[in-house]
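To keep things clear, I will list the structure first and then write my remarks on it.
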C-alpha cells in the first residue's frame, strides 16, 4: 500500500515539476498582452510611442518600489511605510543639496542612508521584537511623515533639485528615460542574487519556511531585517529618481505608492505566504498597472470609476495567478482533483502510523 501511494505521489510531483503551464509568474504577461489588445481597440492613442515613452518612467518608479515591497512580502511581511520613505527621500534631496550641484552627491547619500535606516527600524521591530508588520510599518510611516513635514517647513516652498539632477531626470538612452534603465538594472541584479547565490537561496528558504530554515542553521531574523533594509534602500532610490524627474517634489509625492506596490508585487506572482517571487514579473505588473491607469484617464472616466476598474483588474489578476493550467487540463480530460494522481496532490496523502508506542496497528492513510 505504501509503495503504491509513494509511486502515485512521485508521478504527481513529476507532472507538477515538468509542467510548462505554471501560471504564477506567467499570468501577468498574458494580462499585459490582453490590456494591449484592449487599448488598441478602445484607446489606441495610449499605445502611441510618444504616450508610451511618457508613462514608462512612472512604471519604472513603481517597479522599484514594488520590488522592494516584494522582498518584504517574500520574507512574510508587509510594508506600508513606502509613501513616507519616498517623501522623506525627496525632501532630503531638497534640504541637503539646497539646489546646488556641489551638494548633490551628499544629498543622494544622505537620502539613501535615511531610507535604509527606516527599513532597519521596521525590520528590528518585526524580526527581533516580533511585532505585527502591518502595525509597525504604518506607525513608522506616520512618524516619518511627521518628521518630514517638520523638516520641509524649514525649506523654501520653491526649493528645487540641483540642475544636474534635473538634467539627469530628463536624460534618455535609446530614447528611453534613464530611470527605466535603473529599474531594469535593479531587477536584473536582484534576480541574479535571489536565483544564483547562496544568500538568495537562503533568503527564499527563510520566506518559504522560517522554522525549517532556523533548524538548518540560518539566521532567520537577520534575513528578515535585511529584506526591510534593502526595501528601504530601494524606496530611497525611487524617491530620488522621482525627485529628479519632477524637479520640485512636494509632500504628496509619495502618496501614489501606498497600495500600488503591493498590488504590483501580488499581481507579479509574489506569494503572500512567503518564499516565492519574481522581480521580472513584478516589473511587468508595474507596467501593467501604469498602462491601465493611463488608458482609463484617456477614456475620460471619473476617478471613482477608475478606482473601481483598477480594483476589479487587480482582483481578477490575483485570481488568474492562482490558476494552475496543469490542473485545468487534468479536469478537461475527465480527471478529478480528489484523485491521488491529480497534479498538485503530491504529498496530500501520506502514511501516518497510529499514535502510541505499544500499538500494533498497521500504518493507515490520512489526508493532511
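The values are calculated or read from the model by the stated rules, or taken from the named source; none is laboratory data. All values reported here derive from a predicted model rather than from experimental measurement. Here the Cβ positions follow ideal geometry from the backbone for every residue, glycine too, while neighbour counts run over all protein chains shown.
Residues that are free of Cβ contacts under 8 Å to residues at least 60 places away in the same chain, within 20 Å of the chain's Cα centre (by Cα) and surrounded by 14 or more Cβ atoms within 10 Å (Cβ to Cβ) within region 274-312 comprise 293, 310, listed in sequence order. Restricting attention to region 36-54, the residues that are buried (at least 18 other Cβ atoms within 10 Å of the Cβ) and modelled with pLDDT of 90 or more total 1.
Only a single criterion out of (1) touching a helix residue (DSSP H, G or I) at 6+ places or on another chain (Cβ under 6 Å); (2) surrounded by fewer than 24 Cβ atoms within 10 Å (Cβ to Cβ); (3) at pLDDT below 90 is not satisfied by residue 271, namely (1).
Residue count for region 234-252, restricted to those that are surrounded by fewer than 24 Cβ atoms within 10 Å (Cβ to Cβ) and farther than 24 Å from residue 190 by Cβ: 6.
From the list 84, 113, 63, 70, the lone residue that is in contact with a helix residue (DSSP H, G or I) (Cβ under 9 Å, 6 or more places away or on another chain) and surrounded by fewer than 24 Cβ atoms within 10 Å (Cβ to Cβ) is 113. Screening the candidates 119, 146, 110 for the property of being in contact (Cβ under 8 Å) with a residue 24 or more places away in the chain and in the same structural domain as residue 77 (by TED's automatic domain parsing) yields one hit, 119. Here is a check on your reading of the model: is residue 200 touching a helix residue (DSSP H, G or I) at 6+ places or on another chain (Cβ under 6 Å), in a helix (DSSP H, G or I) and without any contact (Cβ under 8 Å) to a residue 60 or more places away in the chain? Yes, satisfied.
Across region 167-198, what is the number of residues that are over 17 Å from the mean Cα position of the chain (by Cα) and either surrounded by 12 or more Cβ atoms within 10 Å (Cβ to Cβ) or under 25 Å from residue 49 (Cβ atoms) (or both)? Summing the residues that are over 17 Å from the mean Cα position of the chain (by Cα) and either surrounded by 12 or more Cβ atoms within 10 Å (Cβ to Cβ) or under 25 Å from residue 49 (Cβ atoms) (or both) in region 167-198 gives 14.
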